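First up is the structure itself, then whatever we jot down about it.
The values are calculated or read from the model by the stated rules, or taken from the named source; none is laboratory data. Values in this document were obtained by computation on a predicted structure and should not be read as measured data. In this analysis, Cβ positions are derived from the backbone assuming ideal geometry, glycine residues included, and neighbour counts consider all displayed protein chains. All accessible areas refer to the heavy atoms of the entire protein, side chains included, with ligands and DNA or RNA removed. Shrake-Rupley method; radii C 1.70, N 1.55, O 1.52, S 1.80 Å.
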Amino acid sequence: AQSVTQLDSQVPVFEEAPVELRCNYSSSVSVYLFWYVQYPNQGLQLLLKYLSGSTLVKGINGFEAEFNKSQTSFHLRKPSVHISDTAEYFCAVRPGGYQKVTFGTGTKLQVIP
Amino acid sequence: GAVVSQHPSWVICKSGTSVKIECRSLDFQATTMFWYRQFPKQSLMLMATSNEGSKATYEQGVEKDKFLINHASLTLSTLTVTSAHPEDSSFYICSAIAAGGSYEQYFGPGTRLTVT
């Protein structure tokens, strides 16, 4: 079984400041890793994903994440946030060869003007 | 590409009635669709996996007789909440995996169900 831990339920940050949203996972098999963003009353939009290869993954809207196998982490970062980045962010894992995705509990990013 | 729609986006129904939610893949064929439920300020909880032409696989604790899922075609899956009660009020999200693809899930915009 897999599990995903997002330690921070809320992260307030001032506009144009950098941000890091933390994600740790556990799994007995190799997994693919994802970050999704959800705006109020909307579905999920894929920000980025790690399937294989380079451990630094770049996504949409200026976000990037780094896969660290030894620390079983996949933290999401952005060097300078905008008001429009205010949303809920979900980290997720999927075992290779399987379809089911396990989501973390989410981190609400609040960008302060 | 890879657009998933849901209809309706918002529905209010009276306790005891049934409501159907549609999930469509607009520009691809989806052999597998997933139905999630999301309570306020919580994560997505997988309810069931729906495969075209076969019975849905429900997660533990989900009542299959209450949440009827039909995946009649490669582009349409429906979730029917039968005899709805206020505790069924939630945000329901579907996702779809493209046939022959990399298992990447494309999510619909969600349906807000309020049972009065």
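Some points to look at:
- Scanning region A:3-30 for residues that are in contact with a Gly (Cβ under 9 Å, 6 or more places away or on another chain), part of a loop (DSSP other than H, G, I, E, B) and among the small types (Gly, Ala, Ser) yields a total of 2.
- Test for A:GLN38: is it touching an Asp or Glu at 6+ places or on another chain (Cβ under 8 Å) and on the phi < 0 side of the Ramachandran plot: yes
- Of all the criteria given as (1) more than 20 Å from A:CYS91 (Cα to Cα); (2) modelled with pLDDT of 95 or more, the one not satisfied by B:TRP35 is (1).
- Given (1) within 12 Å of chain B (Cβ to nearest Cβ); (2) in a loop (DSSP other than H, G, I, E, B), number of the condition A:SER80 does not satisfy: (1)
- Considering each residue of region B:28-45 in turn, none proves to be more than 23 Å from A:LEU46 (Cα to Cα) and surrounded by fewer than 18 Cβ atoms within 10 Å (Cβ to Cβ).
- You will find that of B:ALA84, B:ALA96, B:ALA72, the residue that is within 15 Å of B:ILE21 (Cα to Cα), within 13 Å of chain A (Cβ to nearest Cβ) and of a type outside the set (Val, Ile, Thr) is B:ALA96 and no other.
- A:PHE74 meets all of the listed conditions (1) crowded, with 16+ Cβ neighbours inside 10 Å; (2) under 29 Å from B:SER5 (Cβ atoms) but one, namely (2).
- Candidate set: region A:83-111, residues that are without any contact (Cβ under 8 Å) to a residue 60 or more places away in the chain and part of a loop (DSSP other than H, G, I, E, B); chosen: the one farthest from the other protein chains (Cβ to nearest Cβ): A:THR86
- Residue selected from region A:46-62 under the condition assigned to a loop (DSSP other than H, G, I, E, B), open to solvent by less than 70 Å² (accessible area, probe 1.4 Å) and farther than 23 Å from B:GLY108 by Cα, by the criterion nearest to the other protein chains (Cβ to nearest Cβ): A:GLY53
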